[in-house]
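A short worksheet on the structure shown next.
The values are calculated or read from the model by the stated rules, or taken from the named source; none is laboratory data. Note that this is a predicted model, so its numbers are computed, not measured. Every residue, glycine among them, receives a Cβ derived from its backbone with ideal geometry; neighbour counts consider all protein chains shown.
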Amino acid sequence: MSQHDTPSWLSAGHDHIWPPYARFGAEALPVVSASGVRLRLADGRELIDGMANWWTACHGHAHPHLVEAIRAQAATLPHVMFAGLAHEGAYRLAERLTRLVPGDFTRVFLSESGSVSVEVALKMAVQYWMIAGKPEKTRFLAFRGGYHGDTLGTMPLCDPEEGMHAMYAGVFSPALLADLPINAQTEAALDETLARHADGVAALVVEPLAQGAGGMRFYPPHALDVLRRLCDRHGILLIFDEIFTGFARTGSMFAFEQSEAIPDILCLSKALSGGILPLAATLARRPIAEAFEAEHPAAVLMHGPTFMANPLACAAANASLDLFETQPRLAQAQALELQLKAELEPCVGLPGVVDVRVKGAIGVVELQRPSDALRHGFVARGVWVRPFGRVVYLTPPLIIGQEDLTHLTGAVVEVVTQWSRSAV
Ligand SMILES: Cc1ncc(COP(=O)(O)O)c(C=O)c1O
């Protein structure tokens, strides 16, 4: 981008913006509009979005049904405080979610980000045990390779070594950490850990089937059944964090549907609002919710973010659910899986490539070592792909057409092949 094409707002704010996960001054491309699967830059270039806006834009960008729902909502009730006042969008959304999600989920707490929805789940679990007369159950168990957010309550649940919060080691007390029970050995180890710590553990938190920001690793559904069994055996609540995997990303509406297991508490966000406004939901099953009907000082969930259940975000989420009901999103995700598998195959066996894997609409090429240099190669090829660490991955909008996906996978194969020749 020449200086001539650099918008004045970009230069004016450059020394004032605090960017995420990056040093000051880190390059950021100015985007002026987005529609379908394309991002439009200030200099007129278009990039095919391989990330779906951090895995949220399942229907693509600026879907007219979502935009119209927000426009109508903005004209009538853009926001209203949610304590003591109610609005239709939130109540409709809560009811629809309890119908959509398999299992006896009866209550929905609406917040404004994924991390907060996990924090709410943790608080629900701790208060549940207070009500049950076991206030000593305050700890959590999480898994190596996991990621559950950036807040102080969720960082302890992330992988403490490979995760992005490693520098905080010692700042807070970490959660108990285990390997996912994917075989007899890891199952026995988890069983033993839970037996030893059951008295103090409130809940176990896990991303079903696909660990996202911790490394885009996949694992088989039967591990979720093992988790359910072990939690029941040891009297521990099971929290599924479907913030990344929910809404068809892994090829089923919710990843846990590929197993028999149903969690006690479920966290949703990202694609919940069609990826267009910040919104998250924490859902509790009937026995958890019913515990909060007791006469007990802990039977009031002490949480209430200012912008919780924002009507614009709820309007977007209701509109997004309309699209899931009327459009073939699941079939699209399943078709993406086949195409990603076929078209990323040329990366298999390239020097420096340690793994190529696909689950639903997630395609991953894992390298031996990280390389920041890859990023420019993607933009030069007209695609938006942002590898992290050693992981080059695609999580495109579910509506992406065959040709555009071929363009994305082609760019990945070319960039990785070139890197493999020069760097290994
Ligand atoms: C599985 C999972 N949990 C929690 C979060 C945190 O969500 P947010 O960034 O909205 O706070 C993320 C975000 O990437 C996630 O992938």
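Is it the case that some residue within the stretch 66-73 is within 14 Å of the ligand (Cβ to nearest atom) and within 25 Å of the chain's Cα centre (by Cα)? Write out each step before concluding.
Restricting attention to the stretch 66-73, the residues satisfying the condition of being within 14 Å of the ligand (Cβ to nearest atom) are none.
No, the stretch 66-73 contains no residue that is within 14 Å of the ligand (Cβ to nearest atom) and within 25 Å of the chain's Cα centre (by Cα).
Does at least one position in the stretch 175-183 carry a residue that is surrounded by 16 or more Cβ atoms within 10 Å (Cβ to Cβ), within 15 Å of the ligand (Cβ to nearest atom) and within 30 Å of Ala289 (Cα to Cα)?
Checked against the condition, which is being surrounded by 16 or more Cβ atoms within 10 Å (Cβ to Cβ), within 15 Å of the ligand (Cβ to nearest atom) and within 30 Å of Ala289 (Cα to Cα), the stretch 175-183 yields at least one hit.
Those residues that are within 9 Å of the ligand (Cβ to nearest atom), farther than 18 Å from Phe172 by Cβ and surrounded by 23 or more Cβ atoms within 10 Å (Cβ to Cβ), I need them from the stretch 110-149; list them, please. Please lay out each step first, then the result.
Step one: filter the stretch 110-149 for residues within 9 Å of the ligand (Cβ to nearest atom), giving 112-118, 146-149.
Subsequent filtering for residues that are farther than 18 Å from Phe172 by Cβ retains 112-114, 117.
Selection gives Gly114, Ser117.
Is it the case, given these coordinates, that Tyr147 is within 23 Å of Gly215 (Cβ to Cβ), aromatic (Phe, Trp, Tyr) and modelled with pLDDT under 95? Don't jump to the end; show me each part of the working.
On the way: within 23 Å of Gly215 (Cβ to Cβ): yes; aromatic (Phe, Trp, Tyr): yes; modelled with pLDDT under 95: no.
No, not satisfied.
The rows are residues; the columns are (1) under 12 Å from Asp49 (Cβ atoms); (2) within 22 Å of the chain's Cα centre (by Cα).
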| position | (1), (2) |
| --- | --- |
| Gly360 | no, yes |
| Arg369 | no, no |
| Pro397 | yes, yes |
| Gly401 | no, no |
| Ser420 | no, no |
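For a quick check of your reading of the model, give me the residue pairs whose first member lies in the stretch 285-314 and is farther than 23 Å from Ala132 by Cβ, whose second is in a loop (DSSP other than H, G, I, E, B) and among the charged types (D, E, K, R), with beta-carbon atoms closer than 8 Å and at least 6 apart or on different chains.
Matching pairs, first to second residue: Pro305/Glu112; Phe307/Glu112; Met308/Glu112; Asn310/Glu112; Ala313/Glu112.
State yes or no: is Asp225 closer than 16 Å to Ile182 by Cβ and either of a type in the set (Ser, Thr, Tyr) or surrounded by fewer than 20 Cβ atoms within 10 Å (Cβ to Cβ) (or both)? If you could, list the steps in order and put the result at the bottom.
Numbers: closer than 16 Å to Ile182 by Cβ: yes; either of a type in the set (Ser, Thr, Tyr) or surrounded by fewer than 20 Cβ atoms within 10 Å (Cβ to Cβ) (or both): yes.
Judged against the criteria, Asp225 is a match.
Could you check the stretch 150-174 and list, in sequence order, the residues that are without any contact (Cβ under 8 Å) to a residue 60 or more places away in the chain, within 14 Å of the ligand (Cβ to nearest atom) and not β-branched (Val, Ile, Thr)?
Residues satisfying the conditions are Asp150, Leu152, Gly153, Met155, Pro156, Leu157, Cys158, Asp159, Gly163, His165.
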